[in-house]
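Q: Supplied in C-alpha cells, the structure appears directly below.
The values are calculated or read from the model by the stated rules, or taken from the named source; none is laboratory data. All of these numbers come straight from a predicted model, not from anything done at the bench. Cβ coordinates were reconstructed from backbone atoms using ideal geometry, including for glycine residues, and neighbour counts include every protein chain displayed. The accessibility values were calculated without ligands, DNA or RNA, using every heavy atom of the protein model including side chains. Shrake-Rupley method; radii C 1.70, N 1.55, O 1.52, S 1.80 Å.
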Amino acid sequence: MELEGSAMASVVETTVFLSFFSDMPDHRQAGKVAYPLDEVLLLALFAVLAGAEGFTDIARFGARKLAFLRRFRPFAQGTPSHDHLGDLFAALDARAFQRCFVAWVASLTGAPPELIAIDGKTSRRSGRKGGHDALHLVSAFAARERLVLAQTKTSAKSNEITAIPALLDLLSLEGALVSIDAMGCQRAVAQKVLDKGGDYLLGLKGNQGALRADAQLFVEEQESCEWRDVRTTFHQSVDADHGRIETRRARVLHDLGWLQERHAWPSLRALLIPMAFSVDSLMGIPKASEL
C-alpha cells in the first residue's frame with residue numbers, strides 16, 4: 001500500500017506540473033504530431049531531475065526509462081531522438097514557456113518569497129569556442145527557499161540593465177523585498193518593483209554619482225556627530241560555521257525626505273550602511289591582520 005500511495009502521489013505531482021503548461025501554444029500540425037507536448041515536457045523534467053544536461057542525455061534517459069514514463073503518459077510512439085528534441089524545443093514560444101515554468105517553480109515554495117535576490121553571472125568557459133560571447137545569466141533567487149525562481153540570458157554584463165526589468169515582469173513580487181546590486185540601481189527598476197507590490201534594496205555605487213555623493217556626505221556628517229540628528233537602527237549578526245565566527249554590523253538611516261526631494265527616487269525610505277565585518281577562527285588560527 002505504501003508503494004501504491006507513493007505512485008499515486010507521483011501521478012498527482014505530474015498532473016500539477018503539466019497543468020501549468022496547459023496553455024503552452026503548440027504550432028505543429030495536429031495530424032503529424034508523433035510526440036505530444038505534454039510527453040516531451042514530462043520527459044525533459046524527469047531526465048533533468050535525474051541529472052541530464054542536454055538533449056543527448058534526455059534522449060538516452062527516454063530510451064532507457066520508457067516503461068517508467070508510461071506510468072504517467074502513453075508515449076505511444078516512444079520518445080524522440082536528441083535531434084528531434086532540439087527541434088521541438090527550438091520551435092517553442094520561449095517567453096510563453098518561461099512564464100509557465102516560473103509559475104510552476106513559484107508554486108513549489110508554498111508561500112510568497114520574503115527575499116528575492118537578483119544577480120548576474122557569466123558562465124565560465126562559455127565564450128571560448130567559435131568566437132562567441134560568453135553566456136551571461138541574470139537570475140532571481142528566493143533566498144529563504146534556496147530556489148532559482150527565474151532566469152534570463154544576456155550577451156554581456158552591461159545588458160543587465162535591460163534584462164532585469166524583463167525578469168521582474170515574470171515574477172510575483174507581492175510582499176517581497178527585492179535586492180539587486182548597483183547595476184540595477186535605476187529609478188525604472190525601483191518603480192517596477194513597487195508597482196508589483198514589493199520593496200527594493202539596491203546597491204549604490206558610482207553609476208548613480210550624484211546620489212552616492214550626497215549619501216556619502218550625509219553619512220560622514222552624521223557619523224561625526226554620533227548620529228544625533230537622524231533616526232537610526234543598528235543591527236549585528238553573529239554566525240558560527242565552518243570553523244569560524246563571522247560578525248556583521250550595519251546601521252539603517254531613516255529620515256531621508258531631503259534626499260528624496262533632491263533626487264526623486266520612488267518611495268526612498270532608508271539607507272543601509274555596512275559598518276563592519278570580521279572573521280575570527282574557532283580553531284585558534286590567527287587572522288591575517290594579526291600575523
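Q: Taking θ as phi - 60°, what are the ³J(HN,Hα) couplings along the range 197-205 by the Karplus curve (6.51, -1.76, 1.60), each to the nearest whole Hz, with x for Gly and Pro?
A: So the Karplus estimates, Gly and Pro as x, are x, x, 10, 10, 9, 10, x, 10, 9 Hz.
Q: Might you work out the accessible area of Ile58 for me, using a 1.4 Å probe with all protein chains in place, and round it to the nearest 10 Å²?
A: 10
Q: What is the local net charge at His84, summed over the other residues whose Cβ is closer than 13 Å to its Cβ (Lys, Arg +1; Asp, Glu -1)?
A: Net charge in that neighbourhood comes out at -1.
Q: Excluding Asp38 itself, calculate the net charge of residues whose Cβ lies under 10 Å from the Cβ of Asp38, where each Lys or Arg counts +1 and each Asp or Glu counts -1.
A: -1
Q: Here's a follow-up. So how exposed is Thr56, as accessible area in Å² (1.4 Å probe, rounded to 10)?
A: Approximately 70 Å² of Thr56 is accessible to the 1.4 Å probe.
Q: Follow-up. Roughly how much of Asp255 is accessible, in Å² to the nearest 10, using a 1.4 Å probe?
A: That residue has around 80 Å² of solvent-accessible surface.
Q: Got a sec to turn the phi values of the range 259-275 into Karplus ³J(HN,Hα) couplings, 6.51 cos²θ - 1.76 cosθ + 1.60 with θ = phi - 60°, whole Hz, x for Gly and Pro?
A: 5, 5, 5, 6, 10, 6, 8, x, 6, 5, 10, 7, 10, 9, 10, x, 9
Q: Right, something else. Non-local amide H neighbours of Asp93 (under 5 Å, H modeled in plane, Pro and chain starts lacking H): which ones?
A: Amide H to amide H, under 5 Å and 5 or more residues apart or across chains, Asp93 pairs with nothing.
Q: Let me ask another. Ala166 versus Val33, label points 7 Å from Cα toward the beta carbon: distance in nm?
A: It is 2.7 nm.
Q: What is the packing order of peptides 17-27, 163-173, 234-244, taking the mean over residues of other C-beta atoms within 10 Å and listing the highest first?
A: Final packing ranking: 163-173, 17-27, 234-244.
Q: I've got another one for you. Please report the net charge: other residues with Cβ closer than 13 Å to the Cβ of Leu211, K and R +1, D and E -1.
A: +2
Q: So, one more: Could you give me the ³J(HN,Hα) list for the range 169-178, computed from phi with Karplus coefficients 6.51, -1.76, 1.60 and θ = phi - 60°, whole Hz, x at Gly and Pro?
A: Each residue's phi maps through the Karplus curve to give 4, 7, 9, 8, 10, 4, x, 9, 9, 9 Hz.
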